[in-house]
1. Quick check, is Lys65 within 16 Å of Arg11 (Cα to Cα) and either exposed (fewer than 11 other Cβ atoms within 10 Å of the Cβ) or of a type in the set (Lys, Arg) (or both)?
2. Can you tell me which residues in segment 60-70 are over 9 Å from the mean Cα position of the chain (by Cα) and part of a loop (DSSP other than H, G, I, E, B)?
3. In segment 34-59, which residue that is farther than 17 Å from Arg11 by Cα and in a strand (DSSP E or B) is farthest from the chain's Cα centre (by Cα)?
4. Could you check segment 20-55 and list, in sequence order, the residues that are surrounded by fewer than 12 Cβ atoms within 10 Å (Cβ to Cβ) and under 12 Å from Ile76 (Cβ atoms)?
5. Looking at this structure, is Val64 within 16 Å of Leu21 (Cβ to Cβ) and at pLDDT below 90?
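The values are calculated or read from the model by the stated rules, or taken from the named source; none is laboratory data. Treat the numbers as computed from the prediction; the structure is a model and nothing was measured. Note: ideal-geometry Cβ built from the backbone for every residue, glycine included; neighbour counts use all protein chains shown.
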Amino acid sequence: MSPGIGLMKRRLEKEKDAIALAISGIAKQYDKKPEELKTLETKYHNDAGDWYVALGWDEKKAIVKMDSVLGTITEITEI
């Protein structure tokens with residue numbers, strides 16, 4: 001039996017860690033420089049253990065969903 005999300009060690013413990021991973025993912029996927037990206041909003045979902053970071057650049061915006069335990073990006077949605 002595996003421990004619940006609350007008992008597992010998170011790789012993305014702080015908001016700044018989640019923002020750094022989100023910026024890295026967007027910069028790589030959209031061929032942007034990290035300096036061009038602006039953090040619009042961050043949210044942490046306590047039950048799921050996921051971080052959501054909204055980033056903006058030029059006229060585009062995207063929401064990056066990340067698993068805080070695995071420390072990976074699970075979804076990028078352009079809005």
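1. When the stated conditions are applied, Lys65 passes them.
2. Within segment 60-70, Val69, Leu70 meet the criteria.
3. Trp57
4. Lys28
5. no
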